[in-house]
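Only one structure is covered here, and it is reproduced in the block below.
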Amino acid sequence: MIDILKEVLHCVLHFDTCLQTLIIQYDTWIYLILFLMIFAETGLVVTPFIPGDSLLFATGLMAGQAGNPLNIELLVLLLMSAAFLGDNTNYIIGSLVGKKVYEKDYRLIKRKYLIKTHEFYEKHGGKTIILAKFMPIIRTFAPFVAGIGSMTYRRFLTYSSVGNVVWVNIFAWGGYIANLIPAVRNNFEIAIMVILFASLVPPIFAALRSKLRTNRNRISNPTV
């Protein structure tokens, strides 16, 4: 298990190298592989560990390198479609499963993630679908929770479309443009670490603020 985690971490931090290897091995089939990875990250609650942000950034960066077969315009369209299809699949699964999923922990679905995402909905409303695109784990669970009953499909469709367009374009084109900057191109691992850290800041900040609010409530309303 530890070896698998090390391999996953290596691929996250050196995704440019891993991606280049996949391109050499699978040529144009790499488009299908990337499509399936983004679909799984956004569409299946059992795969929230797929690094969507860094994947988009790395593919954009690779597309910007001379002699690389990846086309940035095709990538953006393809990955927006994958994210959109993933969101809708997740929403449908949530609507079919219903609220009973909150009752207990399942082997592949953690109740605490569902509760955390639901609380995020309570605070931010419909725009949660857009904001969640920039937050690991919540990004995967948001459409699922919306399908359980937090949002009508028409409203979800609007926010999902906007969120996917913004998310994919920012990271994919960000990587593409970053390739023109030698400091980023030559220090890819550092760039990925910055992206990973930045994506973790919002949920950490939200958790800390929730903890402080809980502590304040306990002080203000001590039990007798």
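The values are calculated or read from the model by the stated rules, or taken from the named source; none is laboratory data. Everything numeric here is computed off the predicted structure, so don't read it as measured data. As a convention, Cβ positions derive from the backbone with ideal geometry for all residues, glycine included, and neighbour counts pool all protein chains shown.
Brief remarks on what is shown
- Residue match in the stretch 127-138 (condition: at pLDDT below 70, outside any helix (DSSP H, G or I) and touching a helix residue (DSSP H, G or I) at 6+ places or on another chain (Cβ under 6 Å)): no
- Neighbours by Cβ (under 6 Å, 6+ apart or cross-chain): first from the stretch 37-60, in contact (Cβ under 8 Å) with a residue 40 or more places away in the chain and under 12 Å from Phe144 (Cα atoms); second among the charged types (D, E, K, R) and in a helix (DSSP H, G or I): Thr42/Asp87
- Here Tyr91 passes the criteria (1) closer than 15 Å to Trp167 by Cβ; (2) at pLDDT 85 or above except the one numbered (1).
- Pairs linking a residue in the stretch 142-162 that is over 14 Å from Ala83 (Cα atoms) to a residue that is small (Gly, Ala, Ser) and not in a helix (DSSP H, G or I), with Cβ atoms under 9 Å and 6 or more positions apart or on different chains, are Ile148/Gly98; Gly149/Gly98.
- Checking each residue in the stretch 58-89 for being buried (at least 24 other Cβ atoms within 10 Å of the Cβ) and more than 16 Å from Trp29 (Cβ to Cβ) picks out Ala58, Gly60, Leu61, Ala83, Gly86, Asp87.
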